[in-house]
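Working notes, beginning with the structure itself.
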Amino acid sequence: MITDTETRTRAARAGLLFATFVCAACGLVYELALVAQGSYLLGDSITQASVVLATMVFAMGIGSLAAKPLQSRPLLSFAVVEALLALFGGLSVLGLHAAFTWLDLYWPALIGIALLVGGLIGAEIPLLMTLLQRIRKQDAGSATADLFAADYIGALIGGLAFPFLLLPLLGQTRGALLVGMVNAVAGAAVAMFLFSVSARRRLALAIGTVGVLAVLGFAFAQSDAFLRYARDELYEDPVVYSETTHYQDIVLTESSPVVAGPKDTRLFLNGDLQFSSLDEYRYHESLVHPVLAGKRDRVLVLGGGDGLALREVLKYPDVREAVEVELDPSVLRLARENPTIAGLNGNSLDDPRVRVVTADAFTWLRDAREHFDAVIIDMPDPDSTATAKLYSEEFYSLARQRLAPGGRLVVQAGSPYFAPRTYDCINATVRAGGLATTPYHVNVPTFGDWGFVLAQAGDAPPLRLDPPEPLHFLDDANLAAAAIFPVDRRPAGTESPSTLDDPKVLRLATSEWQQY
(Lines give C-alpha, C1' and ligand atoms only; values in the text may rest on other atoms or scores of the structure.)
Protein backbone atom coordinates (compact mmCIF):
# COMPACT_ATOMS: atom_id res chain seq x y z
CA MET A 1 0.00 0.00 0.00
CA ILE A 2 1.37 3.41 -1.01
CA THR A 3 1.43 5.87 1.86
CA ASP A 4 0.82 9.61 1.64
CA THR A 5 4.51 10.19 2.32
CA GLU A 6 5.51 8.00 -0.64
CA THR A 7 2.99 9.79 -2.85
CA ARG A 8 4.41 13.19 -1.89
CA THR A 9 7.94 11.91 -2.43
CA ARG A 10 7.13 10.61 -5.90
CA ALA A 11 5.34 13.85 -6.79
CA ALA A 12 8.30 15.91 -5.60
CA ARG A 13 10.75 13.78 -7.62
CA ALA A 14 8.57 14.01 -10.71
CA GLY A 15 8.29 17.76 -10.26
CA LEU A 16 12.06 18.17 -9.87
CA LEU A 17 12.76 16.02 -12.93
CA PHE A 18 10.22 18.05 -14.90
CA ALA A 19 11.97 21.26 -13.80
CA THR A 20 15.25 19.70 -14.97
CA PHE A 21 13.59 18.98 -18.31
CA VAL A 22 12.36 22.60 -18.63
CA CYS A 23 15.67 24.16 -17.57
CA ALA A 24 17.61 21.98 -20.03
CA ALA A 25 15.29 23.02 -22.86
CA CYS A 26 15.80 26.68 -21.94
CA GLY A 27 19.57 26.29 -21.78
CA LEU A 28 19.77 24.83 -25.28
CA VAL A 29 17.57 27.59 -26.67
CA TYR A 30 20.03 30.17 -25.29
CA GLU A 31 22.88 28.41 -27.08
CA LEU A 32 21.04 28.16 -30.39
CA ALA A 33 19.85 31.77 -30.18
CA LEU A 34 23.44 32.98 -29.78
CA VAL A 35 24.56 30.85 -32.75
CA ALA A 36 21.68 32.11 -34.91
CA GLN A 37 22.25 35.75 -33.97
CA GLY A 38 25.94 35.49 -34.77
CA SER A 39 25.23 33.82 -38.11
CA TYR A 40 22.78 36.58 -39.09
CA LEU A 41 25.18 39.35 -38.05
CA LEU A 42 28.44 38.00 -39.45
CA GLY A 43 27.66 34.87 -41.48
CA ASP A 44 30.15 31.97 -41.17
CA SER A 45 27.82 29.76 -39.12
CA ILE A 46 30.45 27.07 -38.52
CA THR A 47 32.75 29.52 -36.73
CA GLN A 48 29.83 30.96 -34.76
CA ALA A 49 28.58 27.53 -33.68
CA SER A 50 32.07 26.28 -32.83
CA VAL A 51 32.92 29.30 -30.67
CA VAL A 52 29.57 29.35 -28.85
CA LEU A 53 29.33 25.62 -28.21
CA ALA A 54 32.99 25.13 -27.26
CA THR A 55 32.93 28.13 -24.93
CA MET A 56 29.67 27.11 -23.30
CA VAL A 57 30.73 23.49 -22.77
CA PHE A 58 33.97 24.71 -21.20
CA ALA A 59 32.03 27.14 -19.00
CA MET A 60 29.61 24.38 -17.98
CA GLY A 61 32.54 22.43 -16.59
CA ILE A 62 33.76 25.47 -14.67
CA GLY A 63 30.23 26.11 -13.43
CA SER A 64 29.90 22.55 -12.17
CA LEU A 65 33.11 22.91 -10.16
CA ALA A 66 32.07 26.33 -8.86
CA ALA A 67 28.78 24.84 -7.62
CA LYS A 68 30.55 22.53 -5.12
CA PRO A 69 30.53 25.05 -2.25
CA LEU A 70 26.88 25.85 -2.99
CA GLN A 71 25.72 22.29 -2.31
CA SER A 72 25.48 23.04 1.41
CA ARG A 73 22.54 25.34 0.58
CA PRO A 74 21.28 23.78 -2.66
CA LEU A 75 17.73 25.14 -2.68
CA LEU A 76 18.58 28.81 -2.30
CA SER A 77 21.58 28.43 -4.62
CA PHE A 78 19.47 26.76 -7.31
CA ALA A 79 16.83 29.50 -7.13
CA VAL A 80 19.49 32.22 -7.48
CA VAL A 81 21.27 30.40 -10.33
CA GLU A 82 18.01 29.98 -12.26
CA ALA A 83 17.02 33.61 -11.73
CA LEU A 84 20.40 34.79 -13.04
CA LEU A 85 20.29 32.29 -15.94
CA ALA A 86 16.79 33.43 -16.90
CA LEU A 87 17.87 37.07 -16.79
CA PHE A 88 21.17 36.78 -18.66
CA GLY A 89 20.03 34.02 -21.02
CA GLY A 90 16.85 35.86 -21.92
CA LEU A 91 18.70 39.11 -22.54
CA SER A 92 21.66 37.45 -24.31
CA VAL A 93 20.49 38.08 -27.88
CA LEU A 94 19.63 41.72 -27.16
CA GLY A 95 22.99 42.21 -25.48
CA LEU A 96 24.90 40.67 -28.37
CA HIS A 97 23.00 42.83 -30.86
CA ALA A 98 23.76 45.97 -28.85
CA ALA A 99 27.46 45.08 -28.63
CA PHE A 100 27.59 44.57 -32.40
CA THR A 101 25.67 47.73 -33.26
CA TRP A 102 27.04 50.35 -30.90
CA LEU A 103 30.18 49.07 -29.16
CA ASP A 104 32.04 47.21 -31.92
CA LEU A 105 32.73 44.50 -29.34
CA TYR A 106 31.01 41.57 -30.98
CA TRP A 107 33.53 38.80 -30.27
CA PRO A 108 34.31 39.81 -26.67
CA ALA A 109 30.57 40.09 -26.02
CA LEU A 110 29.83 36.71 -27.63
CA ILE A 111 32.53 34.94 -25.63
CA GLY A 112 31.59 36.75 -22.42
CA ILE A 113 27.90 35.91 -22.74
CA ALA A 114 28.68 32.29 -23.64
CA LEU A 115 30.96 31.98 -20.59
CA LEU A 116 28.38 33.50 -18.25
CA VAL A 117 25.37 31.54 -19.52
CA GLY A 118 27.39 28.32 -19.83
CA GLY A 119 28.71 28.65 -16.29
CA LEU A 120 25.20 29.07 -14.90
CA ILE A 121 23.94 26.07 -16.90
CA GLY A 122 26.82 24.00 -15.58
CA ALA A 123 25.96 24.88 -11.98
CA GLU A 124 22.46 23.44 -12.38
CA ILE A 125 23.28 19.71 -12.43
CA PRO A 126 25.23 19.43 -9.14
CA LEU A 127 22.53 21.43 -7.34
CA LEU A 128 19.71 19.42 -8.91
CA MET A 129 21.47 16.18 -7.97
CA THR A 130 21.75 17.32 -4.38
CA LEU A 131 18.07 18.28 -4.32
CA LEU A 132 17.05 14.97 -5.88
CA GLN A 133 18.94 13.05 -3.20
CA ARG A 134 17.41 15.25 -0.52
CA ILE A 135 13.93 14.21 -1.63
CA ARG A 136 14.87 10.53 -1.51
CA LYS A 137 18.23 8.86 -1.13
CA GLN A 138 19.04 6.45 -3.91
CA ASP A 139 21.97 4.84 -5.66
CA ALA A 140 24.16 7.52 -7.27
CA GLY A 141 24.09 5.77 -10.65
CA SER A 142 20.31 5.59 -10.72
CA ALA A 143 19.94 9.21 -9.62
CA THR A 144 22.39 10.31 -12.32
CA ALA A 145 20.52 8.30 -14.96
CA ASP A 146 17.17 9.85 -13.98
CA LEU A 147 18.54 13.38 -13.91
CA PHE A 148 20.48 13.11 -17.16
CA ALA A 149 17.54 11.49 -18.96
CA ALA A 150 15.33 14.47 -18.06
CA ASP A 151 18.14 16.86 -18.99
CA TYR A 152 18.84 15.31 -22.41
CA ILE A 153 15.17 14.97 -23.33
CA GLY A 154 14.68 18.62 -22.40
CA ALA A 155 17.62 19.56 -24.61
CA LEU A 156 15.99 17.65 -27.48
CA ILE A 157 12.71 19.54 -27.06
CA GLY A 158 14.50 22.89 -26.77
CA GLY A 159 16.59 22.13 -29.84
CA LEU A 160 13.50 21.34 -31.90
CA ALA A 161 11.34 24.14 -30.49
CA PHE A 162 13.82 26.87 -31.41
CA PRO A 163 13.84 26.47 -35.24
CA PHE A 164 10.33 25.11 -35.67
CA LEU A 165 8.33 27.10 -33.12
CA LEU A 166 10.11 30.02 -31.46
CA LEU A 167 12.01 31.37 -34.46
CA PRO A 168 9.10 31.45 -36.94
CA LEU A 169 6.54 32.72 -34.39
CA LEU A 170 8.58 35.15 -32.29
CA GLY A 171 12.04 35.56 -33.81
CA GLN A 172 15.28 34.89 -31.97
CA THR A 173 15.20 37.98 -29.71
CA ARG A 174 11.65 37.63 -28.39
CA GLY A 175 11.97 33.86 -28.38
CA ALA A 176 14.98 34.04 -26.03
CA LEU A 177 13.14 36.50 -23.79
CA LEU A 178 10.06 34.27 -23.55
CA VAL A 179 12.23 31.26 -22.74
CA GLY A 180 13.92 33.34 -20.02
CA MET A 181 10.51 33.94 -18.44
CA VAL A 182 9.73 30.21 -18.52
CA ASN A 183 13.15 29.51 -17.00
CA ALA A 184 12.54 31.98 -14.16
CA VAL A 185 9.16 30.44 -13.31
CA ALA A 186 10.56 26.89 -13.40
CA GLY A 187 13.42 27.76 -11.07
CA ALA A 188 11.17 29.56 -8.58
CA ALA A 189 8.59 26.75 -8.65
CA VAL A 190 11.18 24.21 -7.46
CA ALA A 191 12.02 26.27 -4.39
CA MET A 192 8.51 27.44 -3.60
CA PHE A 193 6.41 24.32 -4.19
CA LEU A 194 8.59 21.22 -4.01
CA PHE A 195 10.36 21.95 -0.74
CA SER A 196 9.41 23.47 2.59
CA VAL A 197 10.69 27.02 2.94
CA SER A 198 9.91 29.75 5.43
CA ALA A 199 7.35 32.41 4.60
CA ARG A 200 10.10 35.06 4.53
CA ARG A 201 12.16 33.14 1.99
CA ARG A 202 9.07 32.36 -0.05
CA LEU A 203 8.30 36.08 -0.20
CA ALA A 204 11.89 36.89 -1.18
CA LEU A 205 11.79 34.28 -3.94
CA ALA A 206 8.48 35.64 -5.22
CA ILE A 207 9.79 39.21 -5.27
CA GLY A 208 12.99 38.16 -7.05
CA THR A 209 11.09 36.14 -9.64
CA VAL A 210 8.63 38.95 -10.28
CA GLY A 211 11.58 41.33 -10.70
CA VAL A 212 13.20 39.05 -13.29
CA LEU A 213 9.89 38.61 -15.10
CA ALA A 214 9.34 42.38 -15.08
CA VAL A 215 12.74 43.03 -16.69
CA LEU A 216 12.25 40.32 -19.31
CA GLY A 217 8.64 41.38 -19.94
CA PHE A 218 9.67 44.99 -20.47
CA ALA A 219 12.43 43.90 -22.83
CA PHE A 220 9.93 41.70 -24.68
CA ALA A 221 7.50 44.59 -25.10
CA GLN A 222 10.22 46.98 -26.28
CA SER A 223 12.22 44.54 -28.39
CA ASP A 224 10.68 45.57 -31.70
CA ALA A 225 11.45 49.24 -31.03
CA PHE A 226 14.99 48.31 -29.97
CA LEU A 227 15.59 46.29 -33.12
CA ARG A 228 14.20 49.05 -35.35
CA TYR A 229 16.52 51.55 -33.70
CA ALA A 230 19.48 49.16 -34.01
CA ARG A 231 18.76 48.57 -37.69
CA ASP A 232 18.59 52.30 -38.33
CA GLU A 233 22.02 52.60 -36.72
CA LEU A 234 23.48 49.77 -38.83
CA TYR A 235 22.19 51.01 -42.18
CA GLU A 236 22.99 54.34 -43.76
CA ASP A 237 19.44 54.92 -45.04
CA PRO A 238 16.12 54.51 -43.21
CA VAL A 239 14.88 50.92 -42.92
CA VAL A 240 11.46 50.55 -44.57
CA TYR A 241 11.12 46.77 -44.27
CA SER A 242 12.77 44.07 -42.18
CA GLU A 243 12.08 40.39 -41.60
CA THR A 244 14.02 37.54 -40.03
CA THR A 245 13.21 34.26 -41.77
CA HIS A 246 14.36 30.67 -41.31
CA TYR A 247 17.23 31.43 -43.66
CA GLN A 248 18.34 35.03 -43.29
CA ASP A 249 17.74 38.57 -42.11
CA ILE A 250 16.04 40.64 -44.84
CA VAL A 251 16.30 44.44 -44.73
CA LEU A 252 15.07 46.99 -47.27
CA THR A 253 16.26 50.59 -46.99
CA GLU A 254 15.16 53.68 -48.87
CA SER A 255 16.83 57.06 -49.10
CA SER A 256 15.08 60.33 -49.76
CA PRO A 257 15.71 61.81 -53.20
CA VAL A 258 18.44 64.43 -53.30
CA VAL A 259 16.77 67.53 -54.77
CA ALA A 260 15.03 66.08 -57.85
CA GLY A 261 17.08 62.89 -58.10
CA PRO A 262 15.73 59.35 -57.80
CA LYS A 263 15.35 57.61 -54.45
CA ASP A 264 17.76 54.78 -53.68
CA THR A 265 16.18 51.48 -52.58
CA ARG A 266 18.60 48.83 -51.32
CA LEU A 267 18.11 45.19 -50.38
CA PHE A 268 20.34 43.58 -47.74
CA LEU A 269 20.48 39.89 -46.82
CA ASN A 270 22.26 39.21 -43.52
CA GLY A 271 23.76 42.67 -43.79
CA ASP A 272 25.21 42.13 -47.28
CA LEU A 273 24.05 44.51 -50.02
CA GLN A 274 22.22 42.69 -52.82
CA PHE A 275 21.34 45.64 -55.04
CA SER A 276 20.84 49.38 -55.22
CA SER A 277 17.99 50.61 -57.39
CA LEU A 278 20.30 53.32 -58.78
CA ASP A 279 22.70 50.97 -60.58
CA GLU A 280 21.40 47.40 -60.33
CA TYR A 281 20.82 47.38 -64.09
CA ARG A 282 24.61 47.45 -64.61
CA TYR A 283 25.02 44.28 -62.58
CA HIS A 284 22.05 42.42 -64.01
CA GLU A 285 22.71 43.32 -67.65
CA SER A 286 26.30 42.14 -67.24
CA LEU A 287 25.21 38.93 -65.55
CA VAL A 288 22.44 37.92 -67.94
CA HIS A 289 23.01 39.10 -71.50
CA PRO A 290 26.40 37.50 -72.28
CA VAL A 291 25.07 34.05 -71.30
CA LEU A 292 21.94 34.52 -73.46
CA ALA A 293 23.88 35.26 -76.66
CA GLY A 294 22.91 32.01 -78.34
CA LYS A 295 20.16 29.42 -78.04
CA ARG A 296 17.91 30.37 -75.13
CA ASP A 297 14.65 28.45 -75.35
CA ARG A 298 14.87 27.36 -71.71
CA VAL A 299 16.69 29.36 -69.03
CA LEU A 300 17.39 28.41 -65.41
CA VAL A 301 18.00 31.09 -62.75
CA LEU A 302 19.42 29.85 -59.44
CA GLY A 303 19.04 32.49 -56.74
CA GLY A 304 18.05 35.98 -57.79
CA GLY A 305 14.72 35.80 -55.98
CA ASP A 306 14.35 39.58 -56.34
CA GLY A 307 13.31 38.95 -59.97
CA LEU A 308 15.81 41.41 -61.45
CA ALA A 309 17.82 38.84 -63.39
CA LEU A 310 14.53 37.40 -64.66
CA ARG A 311 13.56 40.84 -65.92
CA GLU A 312 16.58 40.80 -68.22
CA VAL A 313 15.88 37.20 -69.30
CA LEU A 314 12.30 38.04 -70.27
CA LYS A 315 13.42 40.82 -72.62
CA TYR A 316 14.08 38.05 -75.16
CA PRO A 317 10.83 37.07 -76.90
CA ASP A 318 12.28 33.71 -77.94
CA VAL A 319 12.76 32.57 -74.33
CA ARG A 320 10.08 29.93 -74.07
CA GLU A 321 10.43 29.08 -70.37
CA ALA A 322 12.42 30.45 -67.44
CA VAL A 323 12.69 28.49 -64.18
CA GLU A 324 13.46 30.51 -61.05
CA VAL A 325 14.79 28.51 -58.06
CA GLU A 326 14.88 30.51 -54.80
CA LEU A 327 15.31 29.17 -51.29
CA ASP A 328 13.53 31.83 -49.24
CA PRO A 329 9.81 32.32 -49.95
CA SER A 330 9.94 35.65 -48.10
CA VAL A 331 12.30 37.06 -50.72
CA LEU A 332 9.92 35.97 -53.47
CA ARG A 333 6.96 37.49 -51.63
CA LEU A 334 8.82 40.77 -51.16
CA ALA A 335 9.75 40.84 -54.85
CA ARG A 336 6.12 40.34 -55.82
CA GLU A 337 4.36 42.53 -53.26
CA ASN A 338 6.70 45.44 -52.55
CA PRO A 339 5.74 48.14 -55.07
CA THR A 340 9.29 49.42 -55.49
CA ILE A 341 10.89 46.03 -56.13
CA ALA A 342 7.97 44.83 -58.26
CA GLY A 343 8.36 48.02 -60.30
CA LEU A 344 12.09 47.38 -60.72
CA ASN A 345 11.65 43.77 -61.81
CA GLY A 346 8.63 44.51 -64.01
CA ASN A 347 6.57 41.85 -62.19
CA SER A 348 8.82 39.26 -63.77
CA LEU A 349 7.98 36.54 -61.26
CA ASP A 350 4.36 36.56 -62.45
CA ASP A 351 5.17 36.33 -66.13
CA PRO A 352 3.41 33.32 -67.74
CA ARG A 353 6.73 32.08 -69.10
CA VAL A 354 8.21 31.84 -65.58
CA ARG A 355 7.99 28.81 -63.29
CA VAL A 356 8.98 29.64 -59.72
CA VAL A 357 10.37 26.87 -57.52
CA THR A 358 10.92 27.39 -53.79
CA ALA A 359 13.79 25.04 -52.97
CA ASP A 360 17.45 24.77 -52.07
CA ALA A 361 19.35 25.12 -55.34
CA PHE A 362 21.83 22.36 -54.51
CA THR A 363 19.09 19.86 -53.67
CA TRP A 364 17.02 20.90 -56.66
CA LEU A 365 19.94 20.45 -59.07
CA ARG A 366 20.72 17.05 -57.61
CA ASP A 367 17.17 15.81 -58.23
CA ALA A 368 16.44 17.66 -61.50
CA ARG A 369 16.32 15.90 -64.86
CA GLU A 370 15.59 18.90 -67.09
CA HIS A 371 18.09 20.55 -69.42
CA PHE A 372 18.56 24.26 -70.12
CA ASP A 373 20.23 26.35 -72.78
CA ALA A 374 21.46 28.84 -70.18
CA VAL A 375 22.01 28.61 -66.42
CA ILE A 376 22.35 31.85 -64.43
CA ILE A 377 23.76 31.48 -60.91
CA ASP A 378 22.99 34.64 -58.94
CA MET A 379 23.79 33.70 -55.35
CA PRO A 380 24.81 35.78 -52.32
CA ASP A 381 28.55 35.94 -51.69
CA PRO A 382 30.16 32.79 -50.19
CA ASP A 383 30.75 34.30 -46.74
CA SER A 384 28.78 31.65 -44.81
CA THR A 385 28.62 27.87 -44.80
CA ALA A 386 25.10 28.01 -46.25
CA THR A 387 26.27 29.86 -49.37
CA ALA A 388 29.76 28.34 -49.66
CA LYS A 389 28.29 25.01 -50.85
CA LEU A 390 26.78 26.94 -53.79
CA TYR A 391 30.32 27.82 -54.91
CA SER A 392 31.68 24.29 -54.73
CA GLU A 393 33.02 21.95 -57.40
CA GLU A 394 30.15 19.59 -56.68
CA PHE A 395 27.56 22.32 -57.22
CA TYR A 396 29.02 23.40 -60.55
CA SER A 397 29.26 19.76 -61.64
CA LEU A 398 25.53 19.38 -60.97
CA ALA A 399 24.82 22.60 -62.87
CA ARG A 400 26.89 21.36 -65.84
CA GLN A 401 24.74 18.23 -66.01
CA ARG A 402 21.66 20.41 -66.48
CA LEU A 403 23.11 22.17 -69.53
CA ALA A 404 21.70 21.23 -72.93
CA PRO A 405 24.24 20.60 -75.72
CA GLY A 406 25.95 23.92 -76.43
CA GLY A 407 24.49 25.41 -73.26
CA ARG A 408 26.21 28.15 -71.27
CA LEU A 409 26.47 29.03 -67.60
CA VAL A 410 27.30 32.25 -65.78
CA VAL A 411 28.23 32.83 -62.13
CA GLN A 412 28.39 36.07 -60.16
CA ALA A 413 31.84 35.76 -58.63
CA GLY A 414 32.41 38.75 -56.37
CA SER A 415 34.94 41.52 -56.68
CA PRO A 416 38.26 40.85 -58.42
CA TYR A 417 39.52 44.07 -56.80
CA PHE A 418 38.45 43.64 -53.16
CA ALA A 419 38.63 39.82 -53.11
CA PRO A 420 40.95 38.72 -55.95
CA ARG A 421 41.83 35.31 -54.48
CA THR A 422 38.14 34.54 -53.91
CA TYR A 423 37.39 35.49 -57.52
CA ASP A 424 40.27 33.33 -58.76
CA CYS A 425 39.05 30.43 -56.59
CA ILE A 426 35.52 30.63 -58.02
CA ASN A 427 36.92 30.63 -61.55
CA ALA A 428 39.06 27.59 -60.72
CA THR A 429 36.09 25.83 -59.12
CA VAL A 430 33.89 26.32 -62.20
CA ARG A 431 36.70 24.83 -64.32
CA ALA A 432 36.99 21.90 -61.90
CA GLY A 433 33.27 21.31 -62.44
CA GLY A 434 34.06 20.40 -66.06
CA LEU A 435 33.59 23.71 -67.87
CA ALA A 436 35.86 26.08 -69.78
CA THR A 437 35.65 29.64 -68.46
CA THR A 438 35.88 33.25 -69.57
CA PRO A 439 36.26 35.70 -66.65
CA TYR A 440 35.01 39.29 -67.05
CA HIS A 441 34.27 42.27 -64.82
CA VAL A 442 32.43 45.61 -64.85
CA ASN A 443 32.10 48.63 -62.62
CA VAL A 444 28.95 48.79 -60.48
CA PRO A 445 29.24 51.98 -58.40
CA THR A 446 27.61 50.62 -55.22
CA PHE A 447 29.62 47.37 -55.43
CA GLY A 448 32.83 48.61 -57.01
CA ASP A 449 34.69 46.43 -59.51
CA TRP A 450 32.53 43.29 -59.85
CA GLY A 451 33.32 40.03 -61.57
CA PHE A 452 31.53 37.21 -63.37
CA VAL A 453 32.53 33.88 -64.89
CA LEU A 454 30.99 32.73 -68.19
CA ALA A 455 31.40 29.02 -68.90
CA GLN A 456 30.50 26.19 -71.25
CA ALA A 457 31.66 22.68 -72.06
CA GLY A 458 34.54 22.45 -74.52
CA ASP A 459 36.29 25.67 -75.47
CA ALA A 460 36.11 28.89 -73.49
CA PRO A 461 32.97 30.81 -74.53
CA PRO A 462 33.34 34.10 -76.39
CA LEU A 463 31.95 37.29 -74.87
CA ARG A 464 29.25 38.62 -77.16
CA LEU A 465 25.79 40.16 -77.08
CA ASP A 466 22.55 39.53 -78.92
CA PRO A 467 19.90 41.63 -77.13
CA PRO A 468 16.56 42.34 -78.82
CA GLU A 469 17.01 46.05 -78.05
CA PRO A 470 19.87 48.34 -76.91
CA LEU A 471 20.72 47.97 -73.23
CA HIS A 472 21.08 50.79 -70.70
CA PHE A 473 24.69 50.00 -69.80
CA LEU A 474 26.24 47.14 -71.71
CA ASP A 475 27.24 47.21 -75.38
CA ASP A 476 29.79 45.36 -77.49
CA ALA A 477 32.60 47.79 -76.68
CA ASN A 478 32.00 47.66 -72.92
CA LEU A 479 31.76 43.89 -72.98
CA ALA A 480 35.02 43.57 -74.91
CA ALA A 481 36.69 45.81 -72.34
CA ALA A 482 35.21 43.71 -69.52
CA ALA A 483 37.50 40.82 -70.46
CA ILE A 484 40.60 42.95 -69.81
CA PHE A 485 41.90 42.99 -66.24
CA PRO A 486 44.56 45.37 -64.86
CA VAL A 487 47.90 43.80 -64.06
CA ASP A 488 47.41 43.97 -60.29
CA ARG A 489 43.99 42.29 -60.41
CA ARG A 490 44.37 39.84 -63.29
CA PRO A 491 43.15 36.32 -62.36
CA ALA A 492 46.34 34.46 -61.48
CA GLY A 493 44.98 30.97 -62.04
CA THR A 494 46.87 29.72 -58.98
CA GLU A 495 43.99 29.00 -56.60
CA SER A 496 42.73 25.48 -56.05
CA PRO A 497 39.00 24.66 -56.31
CA SER A 498 36.58 24.85 -53.41
CA THR A 499 34.72 21.65 -52.48
CA LEU A 500 32.07 20.56 -50.00
CA ASP A 501 34.74 18.82 -47.96
CA ASP A 502 37.14 21.77 -48.08
CA PRO A 503 35.19 25.05 -48.56
CA LYS A 504 38.23 27.12 -49.40
CA VAL A 505 36.10 29.87 -50.92
CA LEU A 506 34.56 30.55 -47.50
CA ARG A 507 37.94 31.07 -45.84
CA LEU A 508 39.11 33.33 -48.66
CA ALA A 509 35.92 35.40 -48.77
CA THR A 510 35.79 36.03 -45.03
CA SER A 511 39.49 36.88 -44.77
CA GLU A 512 39.67 39.17 -47.83
CA TRP A 513 36.50 41.15 -47.13
CA GLN A 514 37.53 41.74 -43.49
CA GLN A 515 40.12 44.19 -44.79
CA TYR A 516 37.39 46.58 -46.01
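Rg over Rh for the range 82-126 works out to 1.04, using Cα positions for both radii and the Kirkwood form for Rh. The stretch between Glu469 and Leu169 holds 103.3 nm of extra length on full extension. This uses 0.36 nm per residue minus the Cα-Cα distance. The sum of -39500 (n - 2.57) across all DSSP H runs of n ≥ 4, divided by the residue count of the chain, sets its helix-only mean residue ellipticity at 222 nm to -18000 deg cm²/dmol.
Subtracting the Cα-Cα distance of Leu65 and Asp237 from their residue separation scaled by 0.36 nm leaves 57.0 nm. Of the beta bridges in the range 376-516, as assigned by DSSP with both residues counted there, near 90 percent are antiparallel. DSSP assigns beta bridges within the chain; of those with both partners inside it, close to 60 percent run antiparallel.
For the range 236-251 versus the range 289-348, the inter-centroid distance based on Cα atoms is 21 Å.
If R0 equals 25 Å, the separation of the Cβ atoms of Phe148 and Thr245 corresponds to a calculated FRET efficiency of about 0.10.
Stokes-Einstein D for the range 274-380 at 25 °C, 0.890 mPa s, Kirkwood Rh over Cα pairs, in µm²/s? After rounding, the answer is 179 µm²/s.
Which values of log₁₀ I(q)/I(0), to two decimal places, follow from the Debye formula for the range 322-374 at q = 0.13, 0.14, 0.21, 0.30 Å⁻¹ with a uniform point scatterer at every Cα? The Cα Debye sum returns log10 ratios of -0.36, -0.41, -0.82, -1.20.
With R₀ set to 30 Å, the beta-carbon distance separating Phe193 from Leu160 gives a calculated FRET efficiency near 0.60. Only the Cβ atoms of Lys and Arg (+1) and of Asp and Glu (-1) were treated as charged; on that basis the dipole of the chain about its Cα centre amounts to roughly 2140 debye.
Both radii come from the Cα set of the range 225-291: Rg as radius of gyration, Rh as Kirkwood radius; their ratio Rg/Rh reads 1.05. Computed about the Cα centre, the dipole magnitude for the range 301-450 is approximately 320 debye when only Lys and Arg (+1) and Asp and Glu (-1) carry charge, each at its Cβ. The range 376-412 and the range 449-504 have Cα centres spaced 14 Å apart. For the chain, the longest principal axis of the alpha carbon atoms and the long axis of helix 106-135 meet at an angle near 30°.
Per the Kirkwood treatment, what hydrodynamic radius in Å, one decimal, follows for the range 77-171 from the mean inverse distance over all distinct Cα pairs? Radius from the Kirkwood sum: 15.5 Å. Between helix 74-98 and the chain there is an angle of about 20 degrees, using the helix long axis and the longest principal axis of the Cα atoms. State the label only: which of [x] 87, 59, 51; [y] 90, 53, 45; [z] 67, 58, 47 corresponds to Cα extents along the principal axes in Å computed from the shown model? Only one option fits the structure, namely [y]. Only alpha carbons enter this Debye calculation for the range 260-311, each as an equal point scatterer, and the log10 of I(q)/I(0) it gives at q = 0.17, 0.30 Å⁻¹ is -0.62, -1.30. Counting only protein heavy atoms, what percent of the accessible surface of the range 238-320 is carbon or sulfur at a 1.4 Å probe? Of the solvent-accessible surface of the range 238-320, carbon and sulfur hold 52 percent. When the Cα positions of Phe473, Gly95, Gly119 are compared along the charge dipole of the chain, Gly119 comes out farthest toward the positive end, with charges on each C-beta of Lys, Arg, Asp and Glu.
To the nearest ten degrees, helix 140-161 and the longest principal axis of the Cα atoms of the chain are 40 degrees apart. Remark: spin-label model distance Arg201-Leu76 equals 0.7 nm, labels positioned 7 Å along the Cα→Cβ axis. Taking the Cα centre of the range 1-111 as reference, the dipole from Cβ charges on Lys and Arg (+1) and Asp and Glu (-1) amounts to some 400 debye.
Farthest toward the positive end of the dipole of the chain, out of Thr244, Phe18, Ser196, is the Cα of Ser196, where the dipole comes from beta carbon charges about the Cα centre.
The values are calculated or read from the model by the stated rules, or taken from the named source; none is laboratory data. Note that this is a predicted model, so its numbers are computed, not measured. Please note: Cβ atoms are built from the backbone with ideal geometry, for glycine as well, and neighbour counts cover all protein chains shown. Ligands, DNA and RNA are excluded from the accessible area calculation, which covers all protein heavy atoms including side chains. Shrake-Rupley method; radii C 1.70, N 1.55, O 1.52, S 1.80 Å.
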